[in-house]
Amino acid sequence: MRLFFRLLLGLLGVVLLIAAVWPAAREAMALASGAHAFIPLGQLWFEIDPPSLNMTQAGIQRHVAPWLWDDLVQPLLEQPAWPVLAALGLLLLWLRPRARAA
């Protein structure tokens, strides 16, 4: 069970790495051309998978609380993608299973 959990966290980390590298490379190219602008997290999510963003919004507003989307999630999605993804990656690293001392 622990092996499965570690594998799942590892795969999630790889997916987050790919999701973080892609906009960083795009931002680096924009910076080199002089037209640099940070990509908001919501725009990145929309470019990767628009239906999941729409389903998440509908699910939170209908089944959890409408204020949660308006006051918490939407401002988070308006932030630049790289610091939010970096914070999430650091949180996952901090929460990873610790190795047992022999």
Just name the residue that is nearest to Phe38 (Cα to Cα) out of those in region 49-77 that are of a type in the set (Gly, Ala, Ser) and assigned to a helix (DSSP H, G or I). Ser52
Under 16 Å from Ala81 (Cα atoms), modelled with pLDDT under 75 and not in a helix (DSSP H, G or I) - does that describe any residue in region 12-20? no
Every pair of residues 6+ apart whose Cβ atoms lie under 7 Å, when the first sits in region 54-78 and is touching a residue at least 12 places away in the same chain (Cβ under 8 Å) while the second is among the polar types (S, T, N, Q) and surrounded by 11 or more Cβ atoms within 10 Å (Cβ to Cβ): Trp69/Gln57; Trp69/Gln61
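The values are calculated or read from the model by the stated rules, or taken from the named source; none is laboratory data. Values in this document were obtained by computation on a predicted structure and should not be read as measured data. Note: ideal-geometry Cβ built from the backbone for every residue, glycine included; neighbour counts use all protein chains shown.
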